[in-house]
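Trainee: The structure is given below, and queries will be raised subsequently.
Every read-out reported here was derived from the displayed coordinates using simple, explicitly stated rules and does not represent laboratory data. The structure displayed is predicted, hence computed values, not measured ones. Here the Cβ is made from the backbone with ideal geometry for all residues, glycine too, and neighbour counts use every protein chain on show.
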Amino acid sequence: MDFLFEGFLEGLNMVFQGNPAVYNAAWITLRVSFGATLIASLIGLPLGYFLASTSFPGKGFCTIVLQTLLGFPTVVIGLLVYGFLSRRGPFGFADLLFTPSGIVIGLVVLAFPIVTMFTMTAVSGIDPRAREMALTLGASPRRAAWTLFLEVRFGLISALLASFGRVASEVGIAIMLGGNIEGYTRTLTTAIALESMKGEFGFGIALGLVLLVLVFFTALLSRYVQKL
Amino acid sequence: MSKNSKPLIRLEGIQQAFQNRVILDVNQLEIEQGKLTLLSGANGAGKTSLMRVMAGLTKPDQGRMWYRDEAVSFGKQGLEFRRKVSMLQQEPYLFSGSVLKQVCYGMIARSLTQGMEDKALKSLESLGCMGLAMRHTRQLSGGEKKRVALANLLTLDSEVLLLDEPTAQVDQESSEKILELIQIQLDSGKTLVISTHQPEWAKPLKPRICLLEYGRIASDTLWN
């Protein structure tokens with residue numbers, strides 16, 4: 001048990017002394033997580049609204065596909081995106097493999113079903129009279145949609161925060177598409193995996209603490225928004 | 001309807017079904033400009049469904065509607081029509097935020113923002129709810145919500161007001177205010193269509209009464 005305690009103390013020391021490797025990994029994690037959440041929200045928010053507010057043949061199938069994507073193992077997502085981005089793949093020419101952009105693409109695939117499903121649930125819960133009220137007051141369909149978004153804004157912000165927390169703590173995609181290159185694509189989770197395997201337990205704990213703080217504040221923010 | 005006047009709204013062959021049950025089957029209905037038309041009937045007779053069609057909110061399964069002899073479009077193309085006809089919901093939904101913001105919504109949607117707040121306050125005052133302006137819409141009672149929603153419609157200068165059970169579930173004071181306002185709207189030449197299953201209150205206004213039964217217009221008479 002001593003190694004756990006010593007590792008924890010060493011980790012705390014590294015965090016408070018501002019170890020550059022720890023903070024570099026944290027910075028890369030923040031960058032790719034923000035990027036992926038932003039792109040996922042650009043896809044997931046309108047898609048979720050569309051699925052919740054319209055009726056068309058195959059809507060049930062689309063929902064099942066999204067639910068399947070929610071439970072998709074991240075290594076499989078990493079593998080599929082790897083196939084697309086590798087030199088032999090259709091997007092090999094773009095040289096995105098083992099770059100932060102490559103990680104972002106994989107994380108978007110992970111995050112957009114989360115944002116879409118949360119949005120769908122939030123918009124489905126809107127009182128149907130809200131849209132009628134907007135339309136009868138002379139709002140265009142686009143403005144009415146925006147009004148409904150504002151009505152469920154707290155649910156949507158929660159969706160984005162949940163998605164951010166998920167991508168920040170993801171490891172499979174980041175390793176497969178980023179390659180764990182120090183100072184370039186090494187995120188907190190991939191660094192933890194690597195350092196633990198090397199026996200650098202204290203370093204792993206330090207990285208874990210930063211990640212924990214990051215995810216904790218995301219959850220705290222999400223809770224605060226839900227209470228508003 | 002008098003023989004010389006042209007109808008403002010004309011509906012023909014309107015049919016609407018819900019879960020394989022016909023809820024609306026209106027062969028013909030004409031709404032005269034500047035007059036009060038009451039849609040009466042029991043609960044579930046089709047009053048609200050008919051009003052939704054007339055407000056351009058629901059596209060009927062069959063049939064057509066004209067406004068000043070122009071065919072009415074629904075959906076995206078129906079925006080121009082929806083800005084001429086406004087509907088008060090039976091249980092109005094008010095957006096999250098202050099009452100003042102709610103009353104300004106229609107003016108913002110129409111980009112009529114000049115003097116918007118003054119107009120909104122004046123409208124609230126006419127319904128005796130000036131004191132509610134800064135309250136959150138979630139804090140209002142049913143009657144207050146109805147008055148605020150009506151104040152909302154008054155800021156819009158719509159040519160036609162469709163009021164779904166405007167005096168239902170409101171207290172005596174709110175009811176009197178609403179009736180007073182209906183009279184003012186009629187005096188100013190507005191066209192009003194009001195749904196109610198207790199039409200007695202409107203007797204002094206000498207309205208036309210369309211009685212709906214099972215989605216059909218069973219009788220259409222003038223109440224003199």
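Trainee: In angstroms, what radius of gyration and Dmax does chain A have, counting Cα atoms only?
Mentor: 20.4, 69
Trainee: Please grab the % of Cα pairs in chain B that end up more than 30 Å from each other.
Mentor: 22 percent
Trainee: Return A:Asp2, B:Asp220 ranked ascending by Cβ neighbour count within 10 Å, so the fewest neighbours appear first.
Mentor: Listed from fewest to most nearby Cβ atoms, that is A:Asp2, B:Asp220.
Trainee: Here's another thing I want to ask about it. Enumerate by residue number the GluC sites (Glu not before Pro) in region A:158-208 meeting two conditions: DSSP loop (anything except H, G, I, E, B), and at most 14 other Cβ atoms within 10 Å of the site's Cβ.
Mentor: Sparse-neighbourhood loop GluC sites (Glu not before Pro): A:Glu182.
Trainee: Now a separate question. Only Lys, Arg, Asp and Glu count, each charged at its Cβ (+1, +1, -1, -1), so figure out the dipole size of region B:7-222 about its Cα centre, rounded to 20 debye.
Mentor: Approximately 480 debye in magnitude.
Trainee: Also: Averaged across B:87-98, how many Cβ atoms of other chains sit within 10 Å of each residue's Cβ atom?
Mentor: Average per residue, whole number: 4.
Trainee: Show me the ranking of peptides B:151-159, A:65-73, B:120-128 by mean Cβ neighbours inside 10 Å, starting with the highest.
Mentor: The most tightly packed comes first, giving B:151-159, B:120-128, A:65-73.
Trainee: Can you give me the pair-distance distribution of the protein assembly as shown, C-alpha pairs, 10 Å bins, whole percents?
Mentor: Bin by bin from 0 Å, the calculated values are 4, 17, 21, 18, 13, 11, 9, 5, 1, 0.
Trainee: Also, quick follow-up: Antiparallel as a % of all DSSP beta bridges within region B:7-222, to the nearest 5?
Mentor: Expressed as a percentage, antiparallel bridges in region B:7-222 total about 55.
Trainee: Right, something else. Relative to the longest principal axis of the C-alpha atoms of chain A, give the angle of the C-alpha long axis of helix A:141-151, reported between 0 and 90° and rounded to the nearest 10°.
Mentor: The angle comes out at about 50 degrees.
Trainee: Which ordering of B:Arg64, B:Arg83 is given by a fewest-first count of other beta-carbon atoms within 10 Å?
Mentor: With the sparsest Cβ surroundings first, the list reads B:Arg64, B:Arg83.
Trainee: Give, rounded to the nearest 20 debye, the magnitude of the charge dipole that the protein assembly as shown has about its Cα centre when Lys and Arg contribute +1 at Cβ and Asp and Glu contribute -1 at Cβ.
Mentor: Roughly 980 debye, rounded to the nearest 20.
Trainee: Based on the alpha-carbon gyration tensor of region B:111-182 and its eigenvalue square roots a ≥ b ≥ c, which shape applies: rounded if a/c is under 1.5, prolate if not and a/b is larger than b/c, or oblate?
Mentor: Cα axes put region B:111-182 in the oblate bin.
Trainee: Shifting gears a bit: Towards the positive end of the charge dipole of the protein assembly as shown, with charges on Cβ (+1 Lys, Arg; -1 Asp, Glu), say which of B:Trp201, B:Leu36, A:Leu4 has the farthest Cα.
Mentor: So the residue furthest toward the plus end is B:Leu36.
Trainee: Rounded to whole Å, give me the distance from the Cα center of region B:34-82 to that of region A:78-114.
Mentor: Distance between centres, Cα-based: 51 Å.
Trainee: Picking from B:Glu173, B:Glu91, B:Glu32, which is most flexible by a Gaussian network model of chain B using Cα springs under 10 Å?
Mentor: Fluctuation is largest for B:Glu173.
Trainee: Which length gain, in nm to one decimal place, applies between B:Ser111 and B:Glu32 when the Cα-Cα distance is subtracted from 0.36 nm times their residue separation?
Mentor: Fully extending the segment from B:Ser111 to B:Glu32 adds 25.5 nm.
Trainee: Turning to a different aspect of this structure: Using only Cα atoms, find the angle between the long axis of helix A:74-85 and the longest principal axis of chain A, and express it within 0 to 90 degrees, rounded to the nearest 10.
Mentor: It is inclined by approximately 90 degrees.
Trainee: Return one number: the angle in degrees, 0 to 90 and rounded to the nearest 10, between the long axis of the Cα atoms of helix B:142-154 and the longest principal axis of the Cα atoms of chain B.
Mentor: Tilt relative to chain B: about 80 degrees.
Trainee: Measuring from centroid to centroid over Cα atoms, what is the spacing of region B:109-141 and region A:145-219 in Å?
Mentor: With region B:109-141 and region A:145-219 each reduced to a Cα centre, they are spaced 46 Å.
Trainee: A follow-up question, please. If you look at just the Cα atoms of region B:1-131, how large are its Rg and its Dmax in Å?
Mentor: Taking only Cα atoms of region B:1-131, I get Rg and Dmax of 17.2, 48 Å.
Trainee: Place +1 on the Cβ of every Lys and Arg and -1 on the Cβ of every Asp and Glu in region A:2-227, take the dipole about the Cα centre, and give the residue among A:Ala193, A:Gly35, A:Thr116 whose Cα lies farthest towards its positive end.
Mentor: A:Thr116
Trainee: Magnitude of the Cβ-charge dipole of region A:2-227, K/R +1 and D/E -1, about the Cα centre, nearest 20 debye?
Mentor: 920 debye
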